[in-house]
Amino acid sequence: MSVTRIAYLSHQSGVGSEMALVRLLSALDRSRIEPLVVLPEEGPLRAAVEALSIPVRILPLAWWIPATHWSAERFLAQLEGLEERAAALENWLVRERIALVHTNTIVTLEGALAAARLGLPHVWHSRGLFGDGFPPAYLDDPRFFLSAVDLLAGTVVCVSEAVRRQMAEVCRLAPLRVVYDGFDLDRFLARPVADPGTVRARYGLAEAARVVACVGGIQRRKGQLDLVEAAALLAADFPDAVFVLAGAAGDAEYLAVVQERIAALGLSGRFRLIGFEPEIRDLLAISTALVHPSHSEGLGLAILEAVAVGLPVVATRCGGPEEIVEDGVSGLLVPPRDPPALAAALRRVLGVPATARLLGAAAVTGAARAFSLETTARNMEEIYRELLAKPVEGRELRARTAGFVADEVLTRARLAAVMAAPPPAEPPPAPRTPPGDSWLAGLRRRFGGSKP
């Protein structure tokens, strides 16, 4: 039986949302697929991948779609050298005899460029939604990005129907397939949980505190500022409620705004910002509920983890959460950017324990049925088989398209950086020397001033 070598490219080397890739790799049929992983830099994701006996190669990768909080200058600085990075990746793919490239998110371009030039099948994984400041205003052209994805992907894998619908607004060539991120419920539940008292001490929580967990990177689209406003509406009625925000601060400016607002509302004792928490099972074990206030979400890993342990969820209708949570049955859904609605839903969960228990119990059943890791892996393997069974058409055209896309995104990035740069300061006017026959020149000669 032949084994297919597949390269998986990750846009980051952390162990947050990137763990969806690790779970997929863990469930692949290794008798048929030999995975190799490319990371853009050293980081904890390397150890997680290598623990599966999968080799890792460090090759620089950049974002061709800028993060929400990046300036145009920062975006351009990391994007420059795109063609050289794509060429380095191309050489590595040839040396490793790679048969298919799987780019784990659409924010990196090098895998698509290299695959197009080598005539390799390319899977592009779309995990999020455009909008809510993504991309930033200086490069806010989703149709351009999605058109390029459409031209340079053999198949676009979407993590939810919400993502597929947005992709379908533009994409007409590449097949769009919904494959939910798989979740190994049994393995997650089998993980040991630390003593509750120890966990509470770790976070500085009193024994009587009722914990509301919020899991996700501290960034604008995750909506933590809305949760702060909602907490202020609940503070008087639920003096024992403490909100624990678990997530890395990828946006330092937004983190500062959140902290300042917490202090301004007198809620410093009611919030814990604990950063990235690798043992999220420990936090969920001491929590009363999970709140997910995002403005935009492709799916929502944190919601899956919460429903797996029977924790009631309050989430926003922002894309993916509606496909995990059935409002009023397995959780509560509210509009995004609506702190009063968020507070009202949390009031139901905190104020009526019976409601919380019913929501949590219904959620467990749904998670086990709909988000099986086994199903995810088999669906992905089917996509690989379909792509490998047919020749890649129009290799020369795809290669030319790759070159156009690379040139265009660099041109747009450079123009955005120029437009964002402050205008150069005007030089001070040069000293004016009066004409030799002027009265001022005469005074200067008389009293020792500069010569005419």
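Some observations on this one:
- Among all residues of segment 151-164, there is at least one that is charged (D, E, K, R) and closer than 30 Å to Ala399 by Cβ.
- Selection count where residues are in a helix (DSSP H, G or I), small (Gly, Ala, Ser) and surrounded by 17 or more Cβ atoms within 10 Å (Cβ to Cβ), scope segment 140-155: 1
- Test result for Ala402, modelled with pLDDT under 95 and in contact with a helix residue (DSSP H, G or I) (Cβ under 6 Å, 6 or more places away or on another chain): no
Residue-wise test of (1) in the same structural domain as Arg270 (by TED's automatic domain parsing); (2) under 30 Å from Arg385 (Cα atoms); (3) not acidic (Asp, Glu).
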| site | (1), (2), (3) |
| --- | --- |
| Leu146 | no, yes, yes |
| Glu169 | no, yes, no |
| Ala209 | yes, no, yes |
| Phe243 | yes, no, yes |
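- Residue list for segment 282-313, restricted to those being crowded, with 24+ Cβ neighbours inside 10 Å and of a type in the set (Val, Ile, Thr): Val291, Ile303, Val307, Val313
- Subset of segment 159-181 [closer than 13 Å to Ala20 by Cα and under 17 Å from the mean Cα position of the chain (by Cα)]: Val159, Tyr180, Asp181
- From the list Arg23, Arg74, Arg97, Arg46, the one residue that fits, being under 27 Å from Gly298 (Cα atoms) and touching a residue at least 60 places away in the same chain (Cβ under 8 Å), is Arg23.
- For segment 5-46, a tally of residues being within 19 Å of the chain's Cα centre (by Cα), closer than 20 Å to Trp124 by Cβ and charged (D, E, K, R) returns 2.
- The set of residues in segment 80-99 being closer than 20 Å to Gln12 by Cα and either of a type in the set (A, V, I, L, M, F, W, C) or buried (at least 24 other Cβ atoms within 10 Å of the Cβ) (or both) consists of Leu82, Ala86, Ala87, Ala88, Leu89, Trp92, Leu93.
- Residue, surrounded by the fewest Cβ atoms within 10 Å (Cβ to Cβ), within segment 314-326, restricted to residues that are under 19 Å from Arg357 (Cα atoms) and at pLDDT 95 or above: Ala315
- Complete set of residues in segment 269-290 that are in contact with a helix residue (DSSP H, G or I) (Cβ under 9 Å, 6 or more places away or on another chain) and either of a type in the set (Gly, Ala, Ser) or assigned by TED's automatic domain parsing to the domain that holds Glu18 (or both): Ala285, Ser287, Ala289
- Among the residues of segment 371-388, none is identified as part of a loop (DSSP other than H, G, I, E, B) and either within 20 Å of Ala114 (Cα to Cα) or charged (D, E, K, R) (or both).
- So Leu61, is it modelled with pLDDT of 95 or more, in contact with a helix residue (DSSP H, G or I) (Cβ under 9 Å, 6 or more places away or on another chain) and over 30 Å from Gly300 (Cβ atoms): no
- Counting the residues of segment 121-139 that are at positive phi, not in a strand (DSSP E or B) and not charged (D, E, K, R) gives 1.
- Exclusive hit being surrounded by fewer than 16 Cβ atoms within 10 Å (Cβ to Cβ) and charged (D, E, K, R), set Asp240, Asp251, Asp226: Asp240
- Conditions (1) surrounded by fewer than 24 Cβ atoms within 10 Å (Cβ to Cβ); (2) in contact with a Pro (Cβ under 6 Å, 6 or more places away or on another chain); (3) without any contact (Cβ under 8 Å) to a residue 60 or more places away in the chain: number failed by Ser330: (2)
- Residue within segment 342-359 that is at pLDDT below 85, closer than 30 Å to Ala230 by Cα, more than 26 Å from the chain's Cα centre (by Cα) and of a type outside the set (Asp, Glu) present: no
Matching residues to (1) surrounded by 21 or more Cβ atoms within 10 Å (Cβ to Cβ); (2) over 30 Å from Cys214 (Cα atoms):
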position: Ser2; (1), (2): no, yes
position: Ala7; (1), (2): yes, yes
position: Gly14; (1), (2): no, no
position: Met19; (1), (2): no, no
position: Ile33; (1), (2): no, yes
position: Arg46; (1), (2): no, no
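- For beta carbons closer than 6 Å, sequence separation of 6+ or different chains, a first residue in segment 247-266 that is outside the structural domain of Leu283 (by TED's automatic domain parsing) and a second that is crowded, with 16+ Cβ neighbours inside 10 Å, there are no qualifying pairs.
- If you go through segment 156-184 and pick out every residue that is assigned to a helix (DSSP H, G or I), of a type in the set (D, E, K, R) and in contact with a Pro (Cβ under 9 Å, 6 or more places away or on another chain), you end up with 0.
The values are calculated or read from the model by the stated rules, or taken from the named source; none is laboratory data. Values in this document were obtained by computation on a predicted structure and should not be read as measured data. Positions of Cβ are backbone-derived with ideal geometry, glycine not excepted, and every protein chain shown enters the neighbour counts.
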